[in-house]
There are 2 protein chains.
Amino acid sequence: MTADGGTMPRPADPTDAVAPVESAAGEKVGDVVAAVRDGIVKGRFAPGQRLPEAELVTLFGASRGAVRSALAQLENEGVVLRERNRGARVREVSLAEAVEITEARSVVEGLCAAKAAARAGADDRARLHVLRDELHTAVDGADVVAYSRINQQVHRAIQEIARHSTAAQVLDRLRIQSVRYHYTVALLPGRPTVGLREHTAIIDAVCAGDPDAAEQTMRAHLLSVVESLHRLDAQQYRW
Amino acid sequence: MTADGGTMPRPADPTDAVAPVESAAGEKVGDVVAAVRDGIVKGRFAPGQRLPEAELVTLFGASRGAVRSALAQLENEGVVLRERNRGARVREVSLAEAVEITEARSVVEGLCAAKAAARAGADDRARLHVLRDELHTAVDGADVVAYSRINQQVHRAIQEIARHSTAAQVLDRLRIQSVRYHYTVALLPGRPTVGLREHTAIIDAVCAGDPDAAEQTMRAHLLSVVESLHRLDAQQYRW
DNA sequence: GGCAACCAGATTGTTAACGATTTGCGCGCC
DNA sequence: GGCGCGCAAATCGTTAACAATCTGGTTGCC
């Protein structure tokens, strides 16, 4: 076993830059939570990597109590795993879990799409059309990173248009847990083309004010992501 | 304003008995969380009531740190609201929020029902049939409290049969937030009869192994609960 | 009599030190 | 040489005291 005890973290992405986080007075725990979560999402902290309290204290300059509260919250959010007297580790989400998460997302985002279709105003439609065009150019230019980013923006836009705070909370939580798979799926050959077609259908249904069609297309889209995850599994792809 | 500062708690249910919670070694925070959550669900702590740390310390015999962690977790679960330097209060969920929560439940429980229909074995079907019969006798006997209890057991059984841990987590969280409305809906005139019919349809669909029918009936059932909530609103019913 | 500043009590936030548990390593025994 | 035991370092959990903040009532002034 290696010195740090856990799964060997692979080299961090070149796109990290640490973000020292100015501990604004009275928001320490929130800052630490955001910083650690961001580190997990961005790949600075690898799945299975240990997160000793002392290390986070020196990293973020926060007190141990703050770090402790932050870890408790992150555990509650499902991105960190803690064992008594054994410390905290970045939780490893299996492919099976990612499938479950995406299935759950499919129904909740379906609800959001339906609500968005019912509530979308002219400005909302304009916003979605902009995103649709941006997605189109990204796919045309084979810009996978841009595709992935705008992809997420589409989902977030529909979520915001739906104005359903409960669904929004649930979705934020679910997305954080499976974020690391999003890029992977986007990298599958042909995925951007399929995704573009599906997103276009969703946007059209929402803008047409058809809740049923919006829900169905959104669900179909995320179930196709589930299919892609299974394909990943078939390829023995592992983190 | 009264001495305790918050909304006046109505007299607690006769069914509380405090549950002093034997602080088993190494599970203090979990115990406090469970105790406070239970107190909120059972009505010992009313919505809006203040929850001073010192009071919880004396109530449960836990250290202040444990109480503090527990409150943080309860805040994260959405049943407690905390303001900086102003302490914690039991969160008041509005009827609009209860509607949102039930809408979210409808789609996620729909997913569970579909999965349950696909995965139910003979023992699962037997379990559901027992619950169906118990629900029937409860409604025949006009036993509203039994109806409400078995009602929840049906939902929980389907959730367990679905074996979808992500959906289960989401649902546990959502149910806790809106628990106090469950009894109220069950008390609406004619509600047990309607609920019985709907639950029977759900159980039949799950036992028939028809995922689509199971999902549709479950969604229809919870949307009918949403309708009941709106009727509550029309009656100017307030907590 | 009304209003504003102020002071005391209560409550929460923070920090530091102490105690308990686990883990890795070295030593001795078989 | 392999295996089990025990010690020491590291890490987490808990407690207690201190500091900062808010609330409510009181007092003095206009």
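The values are calculated or read from the model by the stated rules, or taken from the named source; none is laboratory data. If you're wondering where the values come from, they're calculated on a predicted model, not measured in any experiment. Neighbour counts are summed over all protein chains in view; Cβ atoms, including those assigned to glycine, are modelled from backbone coordinates with ideal geometry. Keep in mind that these areas ignore ligands, DNA and RNA; they rest on the heavy atoms of the full protein, side chains included. Shrake-Rupley method; radii C 1.70, N 1.55, O 1.52, S 1.80 Å.
Pick out the one residue from A:99, A:41, A:36 that is β-branched (Val, Ile, Thr), at pLDDT 95 or above and more than 13 Å from DNA strand C (Cβ to nearest atom).
Values: A:41 fails: at pLDDT 95 or above; A:36 fails: at pLDDT 95 or above.
Exactly one residue qualifies, and that residue is A:99.
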message: Looking at the structure I just gave you, is residue B:10 open to solvent by 10 Å² or more (accessible area, probe 1.4 Å) and either within 16 Å of DNA strand C (Cβ to nearest atom) or modelled with pLDDT of 90 or more (or both)?
response: no
message: Given the condition open to solvent by less than 30 Å² (accessible area, probe 1.4 Å), aromatic (Phe, Trp, Tyr) and under 26 Å from residue B:48 (Cβ atoms), answer yes or no: does some residue in the stretch B:228-237 qualify?
response: no
- prompt: Quick one: which of A:61, A:39 is without any contact (Cβ under 8 Å) to a residue 24 or more places away in the chain and more than 27 Å from residue B:168 (Cβ to Cβ)?
  reply: A:39
field: Test: residue in the stretch A:19-26 that is modelled with pLDDT of 90 or more and of a type outside the set (Asp, Glu)
entry: no
message: So, in the stretch B:32-52, how many residues would count as being within 14 Å of chain A (Cβ to nearest Cβ) and of a type in the set (D, E, K, R)?
response: 1
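Which of the residues belonging to the stretch B:141-155 are out of contact with any Leu (no Cβ under 9 Å at 6 or more places or on another chain) and either of a type outside the set (A, V, I, L, M) or surrounded by 15 or more Cβ atoms within 10 Å (Cβ to Cβ) (or both)? If you could, list the steps in order and put the result at the bottom.
Let us first name the residues in the stretch B:141-155 that are out of contact with any Leu (no Cβ under 9 Å at 6 or more places or on another chain), namely B:141-143, B:145, B:149, B:152.
If the condition is that a residue be out of contact with any Leu (no Cβ under 9 Å at 6 or more places or on another chain) and either of a type outside the set (A, V, I, L, M) or surrounded by 15 or more Cβ atoms within 10 Å (Cβ to Cβ) (or both), then B:141, B:143, B:149, B:152 are the ones that fit.
When the stretch A:40-65 is examined, which residues are found to be part of a helix (DSSP H, G or I) and either open to solvent by 30 Å² or more (accessible area, probe 1.4 Å) or within 17 Å of residue A:76 (Cα to Cα) (or both)? Let's see the steps before the verdict.
Of the residues in the stretch A:40-65, the ones part of a helix (DSSP H, G or I) are A:40-42, A:53-60, A:64-65.
Result: A:40, A:41, A:42, A:53, A:54, A:55, A:57, A:58, A:59, A:64, A:65.
Can you tell me which of B:165, B:178 is modelled with pLDDT under 95 and within 14 Å of chain A (Cβ to nearest Cβ)? Outline the logic, then answer.
On the way: B:165 fails: modelled with pLDDT under 95.
After applying the criteria, what remains is B:178.
Condition check ((1) polar (S, T, N, Q); (2) under 17 Å from residue B:207 (Cβ atoms)) across all residues:
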{"site": "B:100", "(1), (2)": "no, no"}
{"site": "B:114", "(1), (2)": "no, yes"}
{"site": "B:139", "(1), (2)": "no, no"}
{"site": "B:149", "(1), (2)": "no, no"}
{"site": "B:152", "(1), (2)": "yes, no"}
- line: If we ask which residues in the stretch B:71-112 are within 10 Å of another protein chain (Cβ to nearest Cβ), within 16 Å of DNA strand D (Cβ to nearest atom) and either open to solvent by 50 Å² or more (accessible area, probe 1.4 Å) or assigned to a strand (DSSP E or B) (or both), their number turns out to be 3
